[in-house]
Each structure stands twice: as C-alpha cells, then as structure tokens.
Amino acid sequence: MTEAPDKGYKIIGKPVPLIGSRAKVMGQALYTDDIRLHNPLTIKILRSPHASANILSLDTSDALALNGVKGVLTGADFKNTFGVLTISKDEPAIARDVVRYEGEPVAAVAAETAEIALRALELIKVTYELTEGVFDSKTALKPTDRPLHPELGKGNNLHKNVVQEFGDMDQGFKDADVVVKKRFRFASINHAFTEPHATQVEIDNQGNITVYSATQVPHYLHMAMAEVLEIPEHNIRIVKPHLGGGFGGKSDPFPHEMIAAKFALDLGRNVKVKFSREEVFFSHHGRHQTDLTMKLGFSKDKGITALGLDTLIDGGAYGSFGIVTTYYNGVLLQGPYKVPNFRFHVDRLYTNKPMCGAMRGHGGVNPRFASEVLLDMACAEVGMDPAETRLNMIHKENTLTTNEYRVTSVGLRNGLTEAMKRTKWKEKHGKLPFGKGIGVACGFFISGSALPIHWNKLPASTVRITIDYDGGVTLFSGAADIGQGSDTMLAQMAAEVLGQPMENIKVISADTRTTPVDLGSYSSRVTFMAGNASRNAAIRMRRILVEAACELLEMQPPKYEKPEAPDDFFRQGGRKPDFEKGFLGPNPDYSDGFIIEDGLIRSEKHNASVTYLEAVEKALEFEGILQTSGTYKAPKLGGSFKGAGAGLSPSYSFTAFIVEVTVDPDTGFIKVDKATCAHDCGMPLNPLSVNGQIEGCIHMGLGQALMEEMVYENGATQNPSFLEYKIPSAFEQPEVDIVPCYSDDSEGPFGAKEAGEGILAPIIPAIANAVYDAVGIRLTQLPMRPDRVLSALAKENKKGAKS
Amino acid sequence: MSLVSENFDFVRPTSLEQLNELVKECQEKNQKFAFAAGGTDVIPKLKTGSFKINKFISLNGLQDLNNVILKDNKIIIGALTTLCDLANHGLIKKYLPALAHAAHKVASPQIRNRATIGGNIMVDNRCVYINQSSLNRECHEPCYKADGDVCHIVKSAKRGDEILCQARFVSDTAPLLLLLGAKITIAGANGSRKINLDELYLIDGIDSRSLKSNEVITTIEVEIPENTAMHYEKLAIRNALDFPSLGVAIRITGNDLSVALTGLNTRPGVFRANADSYDNFDDMVTDISAQASDSVKTYSQDFFPRGYRKDMIPVFIRRGVDSILKEQQ
C-alpha cells in the first residue's frame, strides 16, 4: 500500500475518502443524465452508416412534420468548425456535404420524447454517394486527389509530421555494444469509461444557457461553444456534474454538446442528449492505432547511446488532440533514462475511421512499450540484469534531458530497489521454470502540460477561497473532478494550511459561472497546478486570519519572508512578480509562528490563543467578506527549438513495475499473477487515492496488453459494445503490491506530483518482458492475444530446431 | 441503441392454456410474438432492432416450470430454472456437477440470475454481422439472417445450400446435456411431445431450432449416469461475460469417451469413441481429437482467429480428459 512519509501534517499524506464517494456508492450522486430539468426535449442523432461518402441530398421535412418533433438540425445550421486545439479546428458539429467516418452525425432531432425522436430519425431521407475511403495509415500517406481534409492543401492524408533530432545518432549507434531494432504494432483502444457521454442544457428567458455536461474540460468547452454558436461566452455557463470516468475521452468539446446548446437556443426549450454505448464507440477519441519501428543502441558502460523511431499513428477522421499525440509519441521517451542521441519521426494520418485523441498516458504508452522491450532485449544480449541496468540509468535529480526538459525530483531508485527486494527479483529473473516469468519496465510522465492549449498569459489554475461568518470554508475551482478525486485534493490543501477538518471545507468546482478558470483535467495537471493554486489561496487566507488573531492578541503580525524564486520564475504578463502584492513564489513555506487546530489559533511563542471564530469575526470587521485567490503558472521552461514546448512540465513522475506471469504454452494464455509497483508521485497526498490510481492503471494496462482492440472493417466499427470490445473483468486483476516510493518535489504542492497516468504505460511492457522470461518470446503486437503467443512460440521453436 | 424503440405488448400468461390462447390470438391477427423467460437473449436483439415483435410473451408466469426434481433416477429440470439456481442446486451439484459448472460459466451473476436453462439451450445462434448495432447492419448488405441475400462469412453461400447462414451455436450448457442424452418436453397447441435434445438443433444458422414458433420447452430430463465423469472447458479471453469461443464437453463412462463442441459451428458437434477399439486410452483421445478437429470448419466471427479456435479443440479435449482422470485418481 502507498505510504506517505511522516512530515507532521494532519491531513496531507493521510488516507482521506474521496468527497462524494459515499453518494456514489449509495446511488445518490447525480451524474449529467440524472439531472431533471423542467420539461426537456430529447435529442437523438442520425449517424452516417458509411465511412466515406458525399451527402447528395438531405430531406428532413417528414421528420419535422412528425407530431412531437420540435426541431431538426443539419450541417447547414453550423457555420464554424471546432477542435480542442486551436491549430486543428477541423470538426463540424454535424457533417456538411461529406461524411468522413461511420457514425458521424448527419442530422439531429429534438422531440418531446425519445421514442418520437427515434421515429423522426427514420423519416430523414439522406442520399449518399459512396466514395473510396482510406482505412489505414500507409494508404493515407499516398498521394490522392481527394484527401479527407482538402482545406489543408496537402496532396495526401497527412495531418501532422514531426521530426526532431538531438545529438549525433550515427555516433550514438557506433558507441553501442549492441543495437536492437524491431517493428511494433498497436491496436486502437477505447477509454471504456463507465458513464456514456451526456449533456443537458437549461435556458432562461434571457437566452442564457446552462450546459450540464460530462466533460473533463469545462473551460475549453466554454470557449469552443461560444465560437460555434457565435454567442458571447458570458451567455454560456458550463457545469460538470458528477462524472463517471474520463481517461481523456471527455477532454474534447463534442458535437452533441454543440447540437444540444443550439437546440436550446433555437427552440427556447430545455434539452437533453445522452449516448448509447455504441455511440461512445462511434465517437471514440481513443488511443491511436500505431505502427512504429524503433532502434536502440546500448552500451554496457554508458547505457542507452541512441534511440530512434519512425512512427505512423492513425488519427481517424479529425484532429482532436492529435498534434499533441504526435509529439508525445516521441518526446515522452526522454525519461526515465538519459537518451543522449535521440531522433523521432511521427506522422499522424487522417483516415475514414472514428477519430483518435487523448487517452490516459497520452501518446507515450505505445512507444514506451517498444523502448522497454528493446531495452530488455539489449540487456539479454549483453547479459546484464534488466532491473539493475534500469536502476543505474534512471535520471539523477535536477537533470536537464537531451531535449531540455528540467527534471527536478526523482524518487524512483529507492522504489525500484525496494520492488526488486520484495519480489526476490535476483532469485527469480531468468531462474523460474518454463512458463513462469518475471519482467520489469519503467515509465515517465508529465505533471501537467506547462503550456496552455490556447496561448495566453493567464494562470493555468486559479482557486478562490471564502470564509463565511460561521467559519465555514468554501473553495471554488474550475478543475473538473472526474472521479480522480481532485475536489478532495483541493480541500486537503486548504484544510492543512488553514488547520481545519476536512468536513469544514466545501468545494464548488467545474462551474464556469461561479468558479475561476482552470484549464481542465487532462495531462495530469490538476494536482500540481490547481493543487498549488489552492495551497496559495489558503496561505493568503491564513495570513488574514493570523493577522486578525494578532490584532486580538495585541501582538505584532508575523513578518513574511520574501520567496527566493528568481524574478522570472513566473511569466506574469511580462512583468516581474510583485512580492509586495503578495506574490508567493513556488511552493511557499507558510510557517508563521502560529498553530491553527481544534478551533484555536495559537501563538507558539507566546502561548496565547484566540478561537478560530473570533479571528474570523475580527477579520470580517475589516473586510466584510473573507476571500482570497491563489494561482499557479508554470515557470519558464524548455529550449528554443521548434516544438520545444511539447511535453514541457514543471515536474515529472517516475514509475517501475515488476510483473510476474504464468504463460500456458498449450493455449498461449498469459495470466498476470502479480504486479509490484513503485510510483514516484512526489509526496502521496492521499495514499488511498494513489492506491486507487495504481490499481486502476494496472487494470487498464492489462486490458491494452491482453485483449482490448477496436476492430474495423472498411471503417465500420465491428465491436461497439462491451460484449465484443473486451475489457478485463475483476477475475483478471492480479495481486497488487505497492511499494513505498516518494520524493519531495520542490515545486509540487506539499511536494506532490502526478499519480494518474504515468503508472499506466510501464505495466504493459513489464508483462511482455515477463512473458519473455517465461517462455522466451518477444511479443511486438498489442494486444498480446493467446494466438499471437502461440505463433511466436511456434516461430521460436522452429528457430531452435534450426540452430 | 440503449432503447427498445419499437412498441410491443407485454403479456405474462400463468398457465400453458393461457399461453396457447395468446399464441392463437397472435397467429389469427398475424402478429409477431416472442417467448422470453429471462429475456437476456431477446431484449438485446430488440434493442439493436435486429428483431421486431408485436407481442412479448413472458414465460415467467409459468411457475410450475421453475424447479429441479429427482424422480426414478432421473433429474427433471424445469425450463424456467435460472442458471444461478441450476449452478447452486443440491441435486445438480451432487449428480451432475459438470453441468453446474457449465451453468456457472455463462455470462455474469446478473445475467445468470435472470437467464434460464430453457433459454440457454434455446439461445439464438450468433454472428458478428447480425448481433450488431443497427448502424453497422446498415453499412453492410443485409445478410440471409436479416432477410437479405448474402452471407458475409461464407461469401459463396447461396440459397439451396445446406448451410445458408453460419451464425454459430453458443450455448454453454447444451453440450453436456447432449452427452447425457437429455430429453426435452415441448408444449404446444396440440399438447406436449418429448424429443431428444439433439433433435432440437438444426444445421442452418437462421432457423437453428426445430421448435415450432408456437411451442415452448417445459422440462429437460436427464437420466443419472452411472460410473460416469464429465467436464466442461470453455475458451474465452475473460473469466466472465463472454459467449464461448469454443466449449468442449467431455463424458467418460467406463470405456466410452464422448465429446461435444459448442461455439464453433451452426450446431453442436458430438463425437464418440470406445477404448476397446484402441490400443490404449491415449490413442482414443488423440483419435477423437482428430475427428473433432477434422469435422469442424471455423470462421472469423469471434475475438479469436479461426485457426486458433480450431487448434484449441485437441488441447481442450486433452485438458478435459486429463482433468477427469486426475479427479478419478
């Protein structure tokens, strides 16, 4: 189990049940579709049965004439396209003239009941002219007169091409004792979250809309919606209710959200829309199908000498987060080990399939599999222990990587050492009987993207804290709690700083009308960024309370030390940070000679105290209202070359997995018996929650490793259900051992880093490496289905027979 | 779609007489109807729109059919016995433990709580092109099972062929019942009749059951076998939820070995051998495995590729036999 080092905190590092978990378990939590608006219309979406076609005609008159139908929308009703990235706004809310994937919306109906809406869909007459589709990356690279997106002015279906090279690759491979190279293939996979997409829109009599939506990014949705609907942002309020899992699959603005808002505005009625599971699969946005060839040079003395990869990622019909994914397929290989000579080439292609986008471990998961398997191969070839080798190669603290990432805290070496000890690695690796194996792999991930998607100089996170006359603390944050527990984390920050019990902190979050801007729950940024903002807001509030206490005690208020951060630590609109105005600097110390606990504010030195409520009342005398804000913005980071911004983060997490498997050589089944995890998330703020993330990542990784795969036939989704798209059941979950692993990140809030995504990637190659240890085969294709295991075994046996 | 979009009437007769009346009424009015007990097979088809009805006739009112009794060395299973009850029933566990195990291997606890044994031996044959979203069915030409003119699995199939539709048989419980020589009692407008279970299963995937549309299965009868051990081995990527990609039932009675396969073709395959015709037991197992493999043609209509499923037939037979022999020691 995750344990936090004892640093004398009351709430930080202690297992805290997530806010709202009781309501969820009791079935009382309201998810988007549970909200009951007054007399809403139900929206159903007509989707294209063809992956590639022109819309020759579209007749909605019969549908509109149906009793109970209040409105029909088509592509002609939306002028602006949208996309989560400002640099690829290529998606229409409803297809106009052309459909680019099976399942793309071609019309939408709002009706008094769902039944009427469904009947109306059948009455819409669409004439399609089928066109030749593109269904794989290789074909998409070929020149064509009819690319999916002619507006890009390219003669093929290339969406984004990135090549970056650092150091001297030729020299790197020359310096190597062994060079290993393989081609790897990865199926596209879906997030498979529990709650399907849903949106409800409430409209008031002045034309303002409140959009309740299952979204990870209320702020980006807010901006996209204003642009698509061509109304001011202040007429739109986005609220995220309880959310049943995102994993990146709810981090784009979606067509159904635009459609719902448009209907509400046009018809002056409340509306609701929710997806069936099929529709979730049709809109997908999952992990890209990937075909990559990687070459790794390894020296016995120096470790990795060079790493190069050429990658095709199949983006599907639209951009989504794809440009970021393209970069992440390369840059995230800059850890956890030093790679002195590094080159990557990634092409993202448009194809006539549902679009791919961000998914847990975004872009880093597939190349991580390849690099960790190749590293294992290199170790095997030179006869070095793969765990020890990794241990020696992990970045040192305060390192600059080859592509100029600033790595600060690294706590993985202790964690991996402990994992090796607990699993008896030395006694097992290479020594287990045929069919039993043990494998290791490590990973690395960002603690939040340092740069915003929409370039601006505003803080990445802002938190507002108020204290009411009764002493109740309310915390306002735009961060979206998507089940990962960010509300709880924010409250922990405030509770610790303000010396309050958790019950006294109420969190209002993810509501664009009442909460300050937060960029959203993606790239594992919330703990680091919103966490720091919450901590800072609470520190400012603490100062108000302590000053009020001093006044009551007739004492001098404490003198606060100015932070030691360099002047340009934060880029505050081009100005130097103003320390006099309460600029806090990175991760400020808040010791002030006072202890706030049990409802008292006590001076340590003078053994004098006032009650918390007396101080609140006194402070209210000055202010009338107690309110502070805190912000976070990443420091200036990174190099000055093109694309240097990709993957920049104020800090990075590190993970190691040791996995034990049993491989059945007759059936090819891989059974994961045990997964031992060391994850350096800095200070584990809430060990309960960190455990949950680790167990969840193992389960999700197991799915991608062993069974998950989107199956397409000429662009048609063949398995859009949880019966045919296989995710593991509880039976497949292995025994999990979580070893203590931490660091103290100098800039993370209370030393914390991310714990939600980085854990996922290394479990998958650790399984593959354990399979090698068990039966001597290298699997290079995901999922590692039993039939692929048997084919690889057969090939290996043939080879053995020859030699 | 997560919604059953077509309206239909729901009725729940409480006696076979009432049921016959309802059926007669439907036939007179030319209404399409479906029988369902747990509904776990019918409801998903109504949701995807691959199946449309005017009347849903629930069998759950026929409470007499929800029991398991022992009579004259026979186990008589009421068709409405849920798979959960069957898996946990004292008589089944005592006399037919392999059947309890097979019932337990179906789907999930939630489904086993509703789904019945009658439904499981009747479960419709499945194919990736028909048990599919309506959108996906729209983008393919309608297949024979959808009243169309093509089989997407065997493109050369044409009307008049012995097998027009390759939708595969997926019952987990039927293979063991076949090896036990189970008899089923069928009630219809003209009273009841009793047939061997193997007569229920037809060769084509479209109408794969010999039951007439106005008939229901009332009981399944199995003679308690003497000197017998049985086993069911299921191929699925997960330990829950899935239909069998391959299911192998084994029966060993004295020198007799019999094997029944599910999950592969349009109907279950049954193979028999007697050790007296072989030099040793092992040769018999090898031979029956070869027989089974040779007679089966697998198709790409499952998570596992066709070749793999075929390759697993001998492996699973060997495992089943080994597991029985190990228990007997």
Grab the strands (runs of 3 or more DSSP E) fully contained in region A:1-98, keeping just those with 2 or more residues being of a type in the set (Ser, Thr, Tyr) and closer than 30 Å to A:Asn161 by Cα.
none
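Considering only residues of region A:403-425 that are touching a helix residue (DSSP H, G or I) at 6+ places or on another chain (Cβ under 7 Å) and over 18 Å from A:Lys753 (Cβ atoms), which is surrounded by the fewest Cβ atoms within 10 Å (Cβ to Cβ)?
Here the residue is A:Thr417.
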Candidates A:Gly319, A:Gly297 - the one that is crowded, with 24+ Cβ neighbours inside 10 Å, more than 14 Å from chain B (Cβ to nearest Cβ), among the small types (Gly, Ala, Ser) and in a loop (DSSP other than H, G, I, E, B)
A:Gly319
Considering (1) within 31 Å of the chain's Cα centre (by Cα); (2) within 14 Å of chain B (Cβ to nearest Cβ), say which one A:Glu91 fails and leave the rest.
(2)
Since A:Thr81 meets every condition but one in (1) under 26 Å from the mean Cα position of the chain (by Cα); (2) surrounded by 24 or more Cβ atoms within 10 Å (Cβ to Cβ), which condition does it not meet?
(2)
Would you check which residues across region B:133-150 are within 13 Å of another protein chain (Cβ to nearest Cβ) and of a type outside the set (S, T, N, Q) and list them?
B:Leu135, B:Arg137, B:Glu138, B:Cys139, B:His140, B:Glu141, B:Pro142
Residue pairs qualifying under the 7 Å Cβ cut-off, at least six apart or on distinct chains, with the first in region A:671-684 being closer than 26 Å to B:Ala236 by Cα and the second being outside any strand (DSSP E or B), are A:Val672/A:Leu702; A:Val672/A:Pro734; A:Val672/A:Ile767; A:Asp673/A:Pro734; A:Lys674/A:Pro734; A:Ala675/A:Ile698; A:Ala675/A:Pro734; A:Ala675/A:Ile763
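Quickly run through region A:94-116 and pick out the residues that are of a type in the set (Asp, Glu) and within 14 Å of chain B (Cβ to nearest Cβ).
Keep residues of region A:94-116 that are of a type in the set (Asp, Glu), which gives A:97, A:102, A:104, A:112, A:115.
Matches in region A:94-116: A:Glu102, A:Glu104, A:Glu115.
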Taking into account only those residues within region B:215-259 that are surrounded by fewer than 17 Cβ atoms within 10 Å (Cβ to Cβ) and on the phi > 0 side of the Ramachandran plot, which is farthest from the other protein chains (Cβ to nearest Cβ)?
B:Asn227
For residues that are within 11 Å of another protein chain (Cβ to nearest Cβ) and in a helix (DSSP H, G or I), scanning just region A:121-152, find the one that is nearest to A:Arg47 (Cα to Cα).
A:Leu121
List the residue pairs whose Cβ atoms are under 6 Å apart, where the first residue sits in region A:10-32 and is on the phi > 0 side of the Ramachandran plot, the second is surrounded by 18 or more Cβ atoms within 10 Å (Cβ to Cβ), and the two are 6 or more positions apart or on different chains.
A:Gly13/A:Ala4
Does A:Ile438 satisfy the condition of being surrounded by fewer than 24 Cβ atoms within 10 Å (Cβ to Cβ) and either not in a loop (DSSP other than H, G, I, E, B) or not aromatic (Phe, Trp, Tyr) (or both)?
no
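For region B:275-310, how many residues meet the condition of being under 20 Å from A:Arg785 (Cβ atoms) and surrounded by 15 or more Cβ atoms within 10 Å (Cβ to Cβ)?
Of the residues in region B:275-310, 11 are under 20 Å from A:Arg785 (Cβ atoms) and surrounded by 15 or more Cβ atoms within 10 Å (Cβ to Cβ).
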Out of (1) within 30 Å of A:Ala480 (Cα to Cα); (2) modelled with pLDDT of 95 or more, the one A:Glu617 does not meet is (1)
Residue tally, condition in a loop (DSSP other than H, G, I, E, B), touching a His at 6+ places or on another chain (Cβ under 9 Å) and more than 10 Å from every other protein chain (Cβ to nearest Cβ), over region A:676-724:
1
Somewhere in region B:286-306, is a residue more than 14 Å from chain A (Cβ to nearest Cβ), farther than 30 Å from B:Lys32 by Cα and in a strand (DSSP E or B)?
no
So which of B:Ile206, B:Ile250, B:Ile220 is in contact with a His (Cβ under 7 Å, 6 or more places away or on another chain), touching a residue at least 40 places away in the same chain (Cβ under 8 Å) and aliphatic (A, V, I, L, M)?
B:Ile250
Does at least one position in region A:734-746 carry a residue that is within 14 Å of chain B (Cβ to nearest Cβ), out of contact with any Gly (no Cβ under 6 Å at 6 or more places or on another chain) and modelled with pLDDT of 95 or more?
yes
Name every residue in region A:234-272 that is touching a residue at least 60 places away in the same chain (Cβ under 8 Å) and in a helix (DSSP H, G or I), in order of residue number.
A:Pro255, A:His256, A:Met258, A:Ile259, A:Ala260, A:Ala261, A:Lys262, A:Phe263, A:Ala264, A:Leu265, A:Asp266, A:Leu267
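Please find, among A:Ile764, A:Ile727, A:Ile777, the residue that is of a type in the set (A, V, I, L, M), part of a loop (DSSP other than H, G, I, E, B) and more than 14 Å from every other protein chain (Cβ to nearest Cβ).
When all the criteria are applied, what remains is A:Ile777.
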Looking only at region A:100-120, decide whether some residue is in contact (Cβ under 8 Å) with a residue 40 or more places away in the chain and within 22 Å of A:Thr326 (Cα to Cα).
yes
Only unsatisfied item for A:Lys642, checking (1) in a loop (DSSP other than H, G, I, E, B); (2) farther than 30 Å from A:Pro452 by Cα; (3) more than 14 Å from chain B (Cβ to nearest Cβ); (4) of a type in the set (D, E, K, R), is (2)
Inspect all residues belonging to region A:155-166 and state whether any of them is surrounded by fewer than 16 Cβ atoms within 10 Å (Cβ to Cβ) and at pLDDT below 95.
yes
Looking across region B:1-14 at residues that are at pLDDT below 95 and of a type in the set (Ser, Thr, Tyr), the single one that is farthest from A:Leu118 (Cα to Cα) is B:Ser2
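The values are calculated or read from the model by the stated rules, or taken from the named source; none is laboratory data. Computed from a predicted model, the values in this text were never measured in an experiment. Methodologically, a virtual Cβ is constructed for each residue, glycine included, from the backbone with ideal geometry; neighbour enumeration extends over all protein chains shown.
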